[in-house]
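Q: For reference, the structure I am asking about is given below.
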Amino acid sequence: MNNLKWDEFAQNISDYVGVEKNEINEDTDLYSDLCLDSLGLFSIGMYLNGIYKLEVPLSTMAVVSKVGDMYRILNEEGKPSNG
């Protein structure tokens, strides 16, 4: 467990997509609510990996559709990166 804080995570999502933080919750859909496509999902994953210095396999992130799922994956499965 990486002990990520939800409020900070939600703020980072907000900063990336330009949606108010209070509009982001665990059930927020990355595709329909935040208007991301598969490239956007990859990009936000890379952005978050850079902020938290964690690596998650792309195959794991590719099946994510909710913000809460992305949070849990980074928090539970993220491995410290070497960079």
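Q: Excluding residues fewer than 8 places away in the same chain, name every one of the aspartates and glutamates whose C-alpha is closer than 18 Å to that of residue 66.
A: Residue 66 reaches 7, 8, 15, 20, 23, 26, 27, 29, 33, 37, 76, 77.
Q: Please tell me the relative contact order of the chain in percent, rounded to the nearest whole number, where contacts are Cα pairs under 8 Å and at least six residues apart.
A: Reported as a whole number, the value is 38 percent.
Q: Per DSSP helix of 4 or more residues, -39500 (n - 2.57); summed, then divided by the residues of the chain. What does that give at 222 nm, rounded to the nearest 500?
A: The helix-only estimate for the chain comes to -15000 deg cm²/dmol at 222 nm.
Q: Now for a different question. Which residues' amide hydrogens lie under 5 Å from the amide hydrogen of residue 66, considering only partners 5 or more residues apart or on another chain, with H built in the peptide plane?
A: For residue 66, whose amide H was placed from the backbone, the distant partners under 5 Å are 30.
Q: Rounded to the nearest whole Å³, what is the per residue volume of the convex hull around the Cα atoms of the chain?
A: So the per-residue hull volume is 80 Å³.
Q: To continue, here is another question. Enumerate the aspartates and glutamates that residue 79 could reach by cross-link, defined here as Cα to Cα under 17 Å, with residues fewer than 8 away along the same chain left out.
A: List returned: 55, 69.
Q: Residue separation times 0.36 nm, minus the C-alpha to C-alpha distance between residue 72 and residue 22: what's the value?
A: Computed gain between residue 72 and residue 22 is 16.1 nm.
Q: Turning to a different aspect of this structure: Calculate one ³J(HN,Hα) per residue across region 67-72 by plugging θ = phi - 60° into the Karplus curve 6.51 cos²θ - 1.76 cosθ + 1.60, and present them in order as whole Hz with x for glycine and proline.
A: 4, x, 5, 5, 4, 5
Q: Mind listing the long-range amide H neighbours of residue 54? Cut-off is under 5 Å, sequence gap 5 or more, other chains count too, H placed in the peptide plane at 1.01 Å from N.
A: 81
Q: How about the chain: which trypsin sites (Lys or Arg not before Pro) there lie in a loop by DSSP and see at most 16 other Cβ atoms within 10 Å?
A: 5, 53
Q: Placing +1 at every Lys and Arg Cβ and -1 at every Asp and Glu Cβ, with all other atoms neutral, what dipole size does the chain have around its Cα centre, in debye to the nearest 20?
A: 360 debye
Q: Computed on alpha carbon atoms, what radius of gyration and Dmax characterise region 39-80, expressed in Å?
A: Final numbers for Rg and Dmax: 9.0, 23 Å.
Q: Applying the Karplus parametrisation 6.51 cos²θ - 1.76 cosθ + 1.60 with θ = phi - 60° to the phi angles of region 33-50, what ³J(HN,Hα) value in whole Hz is obtained for each residue in order, glycine and proline being reported as x?
A: 7, 9, 6, 8, 10, 4, 5, x, 5, 4, 5, 5, x, 5, 4, 5, 4, x
We did not get these values from a lab; they are worked out from the coordinates using the rules stated. Since the structure is predicted, the reported quantities are computational estimates derived from the model, not experimental observations. Methodologically, a virtual Cβ is constructed for each residue, glycine included, from the backbone with ideal geometry; neighbour enumeration extends over all protein chains shown.
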